[in-house]
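Novice: There's a structure below that I have some questions on.
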Amino acid sequence: MAVTPIIEESWKRELADQFASSYFEELKTFLIEEKKRYRIFPPGNLIFNAFNLTPFDKVKVVILGQDPYHGFGQAHGLCFSVQPGVPHPKSLINIFQELKDDIGCEIPVNGNLEKWAQQGVLMLNATLTVREHQAGSHQNHGWETFTNAAIQQLSAKKNGIVFLLWGAYAQAKETLIDSSKHFILKTAHPSPLSAYRGFFGCKHFSQTNQLLQQSGQTPIDWNPA
């Protein structure tokens, strides 16, 4: 009998059909073979970290990323976030700059964003694993089907979630979201290649809190420190 990965209980219920599907079995086989040949990030116990830190019933905000960071020690299962003591990647530097400009948060030394996740911010990469130093290496092997299903479940079963879609890749997921029930904020990706095309000055952090308060929800304390 297939073993279901260790994941928070509410997500295990919502995604049970995905874990039981043939594509997920193929994905597990792929990952087993990959681990024999390459170093894979994040570590196995952190692959579902976004789900484990932000249970289905607690999700208020969704930030969508694409791939985990592929450098040693960086990725820990939350998009854009890095483990304590790791230098900030350039996209994260730009996120912190916009956060400071928008709501006045001082730029933190620590790039770990678990504090956001614990408040209901699901920080979800479309692909949950990657080979060391090979961006995109685990795309199109099943992860996107899995994470799309997670977005669809949130859209169908919850109300008033704020989805932050940064860049064209994240914005392509808009078709999975019922905009009559949820809020969608879109802008450029925080990458240095695109941040000046709209990410800087988007004020998504303050806008998110305004939307949450308008729908009777507690705002997020965006200060990562």
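The values are calculated or read from the model by the stated rules, or taken from the named source; none is laboratory data. On a predicted model such as this, the values are computed, not experimentally measured, just so you know. Cβ atoms come from the backbone with ideal geometry, glycine included; neighbour counts cover every protein chain shown. What goes into the accessible areas is simple: the full protein's heavy atoms, side chains included, and nothing from ligands, DNA or RNA. Shrake-Rupley method; radii C 1.70, N 1.55, O 1.52, S 1.80 Å.
Novice: List the pairs whose first member sits in the range 153-180 and is within 16 Å of Q214 (Cβ to Cβ), whose second member is hydrophobic (A, V, I, L, M, F, W, C) and assigned to a helix (DSSP H, G or I), and whose Cβ atoms are under 7 Å apart, counting only residues at least 6 apart or on separate chains?
Specialist: Every condition considered, the pairs that remain are I161/L154; V162/L211; V162/L212.
Novice: To continue, here is another question. Return only the number of the condition from (1) open to solvent by 10 Å² or more (accessible area, probe 1.4 Å); (2) at pLDDT 95 or above; (3) under 16 Å from the mean Cα position of the chain (by Cα); (4) among the hydrophobic types (A, V, I, L, M, F, W, C) that A156 does not satisfy.
Specialist: Against the list (1) open to solvent by 10 Å² or more (accessible area, probe 1.4 Å); (2) at pLDDT 95 or above; (3) under 16 Å from the mean Cα position of the chain (by Cα); (4) among the hydrophobic types (A, V, I, L, M, F, W, C), A156 comes up short only on (3).
Novice: Hey, among the residues in the range 1-49 that are farther than 22 Å from A117 by Cβ and among the aliphatic types (A, V, I, L, M), which one's surrounded by the fewest Cβ atoms within 10 Å (Cβ to Cβ)?
Specialist: Once the filter is applied, the top-ranked residue is M1.
Novice: Name every residue in the range 1-52 that is of a type in the set (F, W, Y) and either assigned to a loop (DSSP other than H, G, I, E, B) or within 16 Å of the chain's Cα centre (by Cα) (or both), in order of residue number.
Specialist: W11, Y38, F41, F48, F51
Novice: Keeping to the range 50-75, report how many residues are of a type in the set (S, T, N, Q), closer than 12 Å to H133 by Cβ and touching a residue at least 60 places away in the same chain (Cβ under 8 Å). Break it down stepwise before answering.
Specialist: Of the residues in the range 50-75, the ones of a type in the set (S, T, N, Q) are 52, 54, 66, 74.
Still in the list and also closer than 12 Å to H133 by Cβ: 74.
Okay, now just the ones that are also touching a residue at least 60 places away in the same chain (Cβ under 8 Å), so none.
Count: 0.
Novice: Can I ask one more? Can you tell me which condition F205 does not meet? The list is (1) under 19 Å from A126 (Cβ atoms); (2) under 16 Å from the mean Cα position of the chain (by Cα); (3) of a type outside the set (A, V, I, L, M), and all the others hold.
Specialist: (1)
Novice: Mind telling me which of the residues A135, A150 ends up being hydrophobic (A, V, I, L, M, F, W, C), in contact (Cβ under 8 Å) with a residue 40 or more places away in the chain, within 23 Å of L31 (Cα to Cα) and open to solvent by 20 Å² or more (accessible area, probe 1.4 Å)?
Specialist: Numbers: A150 fails: open to solvent by 20 Å² or more (accessible area, probe 1.4 Å).
Being hydrophobic (A, V, I, L, M, F, W, C), in contact (Cβ under 8 Å) with a residue 40 or more places away in the chain, within 23 Å of L31 (Cα to Cα) and open to solvent by 20 Å² or more (accessible area, probe 1.4 Å) holds for just one of A135, A150, which is A135.
Novice: Any residue at all in the range 97-114 that is touching a strand residue (DSSP E or B) at 6+ places or on another chain (Cβ under 7 Å), within 15 Å of F41 (Cβ to Cβ) and not in a helix (DSSP H, G or I)?
Specialist: Let us first name the residues in the range 97-114 that are touching a strand residue (DSSP E or B) at 6+ places or on another chain (Cβ under 7 Å), namely 113.
After this cut, where a residue has to be within 15 Å of F41 (Cβ to Cβ) as well, the list is none.
No, the range 97-114 contains no residue that is touching a strand residue (DSSP E or B) at 6+ places or on another chain (Cβ under 7 Å), within 15 Å of F41 (Cβ to Cβ) and not in a helix (DSSP H, G or I).
Novice: Of the residues that sit in the range 81-99 and are small (G, A, S) and more than 13 Å from H70 (Cα to Cα), which one is least open to solvent (accessible area, probe 1.4 Å)? Working first, answer last.
Specialist: Residues of the range 81-99 that are small (G, A, S), as a first pass: 81, 85, 91.
So of that shortlist, the ones also more than 13 Å from H70 (Cα to Cα) come out as 85, 91.
Numbers: G85: 82, S91: 20 Å².
Across the range 81-99, the extreme among qualifying residues is S91.
Novice: Also: Counting only residues that are open to solvent by 30 Å² or more (accessible area, probe 1.4 Å) and of a type in the set (A, V, I, L, M, F, W, C), which one in the range 169-183 is farthest from N110 (Cα to Cα)?
Specialist: So the first thing to find is which residues in the range 169-183 are open to solvent by 30 Å² or more (accessible area, probe 1.4 Å), and the list is 169, 171-172, 174-176, 178-181, 183.
Those still in the list that are of a type in the set (A, V, I, L, M, F, W, C) too: 172, 176, 183.
Working: A172: 31, L176: 33, F183: 29 Å.
Across the range 169-183, the extreme among qualifying residues is L176.
Novice: Consider only pairs whose beta carbons are under 8 Å apart and that are at least six residues apart or on different chains; among these, list those whose first residue lies in the range 22-36 and is modelled with pLDDT of 95 or more and whose second residue is hydroxyl-bearing (S, T, Y).
Specialist: The qualifying pairs are Y23/T145; L31/T129; E34/T129.
Novice: For R197, all conditions in the list (1) surrounded by fewer than 16 Cβ atoms within 10 Å (Cβ to Cβ); (2) basic (K, R); (3) in contact (Cβ under 8 Å) with a residue 12 or more places away in the chain hold save one; what is the number of the exception?
Specialist: (3)
Novice: Further question on the same structure: Using the structure shown, decide if E34 is touching a helix residue (DSSP H, G or I) at 6+ places or on another chain (Cβ under 7 Å) and not small (G, A, S). Don't jump to the end; show me each part of the working.
Specialist: On the way: touching a helix residue (DSSP H, G or I) at 6+ places or on another chain (Cβ under 7 Å): no; not small (G, A, S): yes.
Spelling it out, it is not the case that E34 is touching a helix residue (DSSP H, G or I) at 6+ places or on another chain (Cβ under 7 Å) and not small (G, A, S).
Novice: I would also like to ask the following. When the range 184-225 is examined, which residues are found to be under 18 Å from G104 (Cβ atoms), part of a helix (DSSP H, G or I) and among the small types (G, A, S)?
Specialist: S206
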